[in-house]
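Data block below; observations after.
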Amino acid sequence: MAAWAGKPVLGIETSCDETAAAVLSADGAVLGEALLSQQDHAAYGGVVPEIAARAHLAHLPAMIGQAMRAAGVGVGELGAVAATVGPGLIGGLIVGSGVGRGMAIGAGVPFVAINHLEAHALSVRLPGLGLDVAFPYCLLLVSGGHTLCAAVEGVGRYRTLGTTIDDAVGEAFDKAAKLLGLGWPGGPALERLAAAGRATVPLPRPMLGRTGCDFSFSGLKTAVARAVAGGAAPADVAASFQAAAAEVLADRAAAALRMVEGATALVVAGGVAANAAVRGALARVGARMVAPPARLCGDNAVMVAWAAIERLRAGVAEGDTAPRPRWGLASERV
Ligand code: KG4
Ligand code: ZN
């Protein structure tokens, strides 16, 4: 396999319900990108794996074509192809990694297998953002599928410090939104409703002040169900839920930060990082708080291509390129 010659990198993301492709130059400039948020799941109130896999298969070629045309880069000009190989829904991972690996073989360039959590973790280092985040930093990853704190010590060097013991926080947002009769995905809709309410409904703060930095959100969801059944105003329930979630996240992130010696920043990433109340609470923790812009918080392929460039530059390749539904951030290596 040819080595990376510092040429553009194509990134592919298909681990959940976003079908995305992006082309970055060797120095991390975004040359072209395309993203499709699958709408096929709304009627079911959640992502249906089989539908997601078929939609990735149907739309990925067009997304790749669109990103490459926008970049003005042909397959022969690529220096590497990267795809998310886990964790995520296996059908989509097979589609994205299969297409990516095939293109890499065809072009005679390296295929870079990317961990989805790692892509979120490194996204703030994308040069074009100008955020200039150096290792080590403390990561709070908050998405629909994952909620964890980690020490990010270098490329491929991650230490998971705490995780949720039940629901992911994005999942809690989605479930609370469903209880409030909002559409799916619920996080953005709940944030909009919360803006019209006051945080006056008493809700628990699970794990607040607890040793370590694990999370729990299932009790909060149950309390929301009780408040809704009790007739509390929906906007007030939304505001109260959001305040409780933000306070818990900030408390757990503060605890995690204390476990990362010499941390340069508290970095928040993942879909829930788009929430302004969550960002506000984290900004009050006291450390330098850094979040990617909202469009890079949710799933996207820019972060996948960027993680590949970080790996190619550091000479740290993931040996096992097989798609896998479960894969922690710190399994690992180096
Ligand atoms: O990172 P992401 O796009 O996909 C996963 O890897 O899971 O995160 C999606 C999650 C969903 O649960 C969605 O409701 C939540 O992020 N989310 C939000 C907001 N925007 C997206 N939660 C709260 N407030 C938001 N503004
Ligand atoms: Zn994600």
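The values are calculated or read from the model by the stated rules, or taken from the named source; none is laboratory data. Being a predicted model, the structure only gives us computed values, none of them experimental. Note that each Cβ is placed from the backbone with ideal geometry, even for glycine, and that neighbours are counted across all protein chains shown.
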The condition of being closer than 26 Å to ILE165 by Cβ, among the aliphatic types (A, V, I, L, M) and surrounded by 19 or more Cβ atoms within 10 Å (Cβ to Cβ) holds, among ALA223, ALA229, only for ALA223
Check on VAL267, in contact with a helix residue (DSSP H, G or I) (Cβ under 6 Å, 6 or more places away or on another chain), modelled with pLDDT of 95 or more and not in a helix (DSSP H, G or I): yes
Looking for something among the aromatic types (Phe, Trp, Tyr) and under 30 Å from LEU312 (Cβ atoms) - is there at least one such residue anywhere in the range 210-224? no
Checked the range 167-201 for anything over 17 Å from ALA232 (Cβ atoms) and assigned to a helix (DSSP H, G or I); matches are VAL169, GLY170, GLU171, ALA172, PHE173, ASP174, GLY186, GLY187, PRO188, ALA189, GLU191, ARG192
Of the residues in the range 242-279 that are β-branched (Val, Ile, Thr) and within 13 Å of ligand 1 (Cβ to nearest atom), the one that is surrounded by the fewest Cβ atoms within 10 Å (Cβ to Cβ) is VAL278
Considering VAL302, VAL290, which residue is away from ligand 2 (no atom under 16 Å from the Cβ), buried (at least 19 other Cβ atoms within 10 Å of the Cβ) and either modelled with pLDDT under 95 or not charged (D, E, K, R) (or both)? VAL290
Could you pull out the residue among ALA256, ALA281, ALA277 that is in a helix (DSSP H, G or I), farther than 26 Å from GLU13 by Cα, out of contact with any strand residue (DSSP E or B) (no Cβ under 9 Å at 6 or more places or on another chain) and in contact (Cβ under 8 Å) with a residue 60 or more places away in the chain? ALA277
